[in-house]
Each structure stands twice: as C-alpha cells, then as structure tokens.
Amino acid sequence: MEQMLYEAAAQGSVTSLYELLLKDPLIIDRVMLNSTETPLHIAALLGHVDFAKEILLQKPELAAELDYRQSSPLHLATAKGYIEIVKELLFVNPEMCLACDRDGRNPVHLAAMRGHVDVLKELVQAKPHATWATLPRGETILHLCVKHKQLEALKLLVETADAHEIMSAKDDNGFTILHLAVADKQL
C-alpha cells in the first residue's frame, strides 16, 4: 500500500491520495517511518503542485523531511525551478531555506546556481539571511553565481539581498567573485 502512495505522488494523483487515506489514515505516517524519501519529495521533484499542496495539508511536517542526500522537498523544487511548489513549501516552513544538503548547499544556493531567478526572489524574501551561508570551501552565493555563469541571479542578489558584505568575501583559495570572473573571462 505504501508503494501505491509513491505511485500516486509520481502521477500527481490527488484522487489516489484521498483513496489511500480513506483505506489507511496512517499511511503517510508509516511512509515517514520507513523511508527517507517521502511522497512530497517525489511530488516536488516532478512538479506536481496539487499533490504537494494536499499532502502538505495532511502532514505539514513533511516539508522538513530530508532524503538520503539531506535534501528537503524545498531543495528539489528549487533545483527544478517549480515556483508554485516552492511557494507552498515556504508557506508551510520557511526555515527550510536554511537547511543544507550533504554538499552544504541550501535552497538559495541551488536557485542561484541554476539561474532560477523567480524562485531565488521568493527564497530571499522568505529568509534573506540564507544568502549569507557559505559552502564548505568558503564559497558564498555570489561565488556560485559567477562560477555557474548566472549573471541575472548575481544582479538580483546584489540589488535585493544585503550582499555588499559578501561581495568582497574570499573563498578558501583566496578568490573573490572578481577573481573568478576575470579567471573565467566573464569580465
């Protein structure tokens, strides 16, 4: 029956979710105990907004669950650029903007790296100080923008986030964002 819940998440079938909950009101609780990847992770990864909304209504604490990569549903929806799911997850638990995956990246880092500027804007509005988090090698969010050639994300962060303090920050190799841009011939 738990497998059926994962199939419903993969299909984005809210009807199947309701049917499964009628048969077994504790099915979501059981899945949470038996697996690190929840149906919400699946829905977030595949962009199933309605399923994500409904399962969050049933179990809002799913928003804080981490999979085997230490990624939350917010990490996954952010990486894919699913703005509506990101908004739903932020409404339920904005603190997940600060959660780091196994690589030390929070959702704000992922949005910047992937160039999902609309998602980045939502995340920064929810938790502006998430932009201050550095990666294990000392890289800031601005380093990531330059490294991944995401100029629009860089512009947004410089304009909206209090990024002035991190503009001159150096990574563990002693490089600022200007060093990286020059080295990569972006200037």
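Taking packing as the residue-averaged number of other Cβ atoms within 10 angstrom, the listed peptides 115-125, 28-38 run from highest to lowest as 115-125, 28-38.
In this Cβ point-charge picture (+1 for Lys and Arg, -1 for Asp and Glu), the chain has a dipole of about 540 debye about its Cα centre.
As a length-normalised measure over Cα pairs under 8 Å and 6 or more apart, the relative contact order of the chain settles at 13 percent.
When the Cα positions of Val86, Ala112, Ala8 are compared along the charge dipole of the chain, Ala112 comes out farthest toward the positive end, with charges on each C-beta of Lys, Arg, Asp and Glu. Could you tell me the center-to-center distance, by alpha carbons, between the stretch 112-137 and the stretch 66-91 in angstrom? Cα centroid to Cα centroid, the span is 13 Å.
Size descriptors for the chain: radius of gyration and Dmax over Cα atoms are 18.1, 61 Å. Take each peptide in 137-146, 14-23, count the other Cβ atoms within 10 Å of every residue, and average; sorted highest first, the result is 137-146, 14-23.
Helix 2-11 and the long axis of the chain differ in direction by around 60°, with both axes built from C-alpha atoms. Of all lysines in the structure, those lying under 20 Å Cα to Cα from Lys127, and not within fewer than 8 positions of it along the same chain, are Lys80, Lys87, Lys155.
Toward the positive end of the charge dipole of the chain, with +1 on the Cβ of Lys and Arg and -1 on the Cβ of Asp and Glu, the farthest Cα among Pro136, Val124, Met96 is that of Pro136.
Taking each DSSP H run with n ≥ 4 as -39500 (n - 2.57) and averaging over every residue of the chain yields -16000 deg cm²/dmol at 222 nm. To the nearest ten degrees, helix 151-160 and the longest principal axis of the Cα atoms of the chain are 90 degrees apart. Between helix 83-92 and the chain there is an angle of about 80 degrees, using the helix long axis and the longest principal axis of the Cα atoms. Less than 18 Å apart at the alpha-carbon level, and either on another chain or at least 8 residues along: which aspartates and glutamates does that give for Lys121? Counting by Cα, and skipping residues close in sequence, Lys121 has these aspartates and glutamates nearby: Glu84, Glu88, Glu95, Glu152, Glu159, Asp162.
Bear in mind that the values in this text are calculations on the coordinates, not laboratory data. Just so it is clear, the model here is predicted, and its values are computed rather than measured. Every residue, glycine as well, gets a Cβ built from its backbone with ideal geometry; the counts of neighbours run over all protein chains shown.
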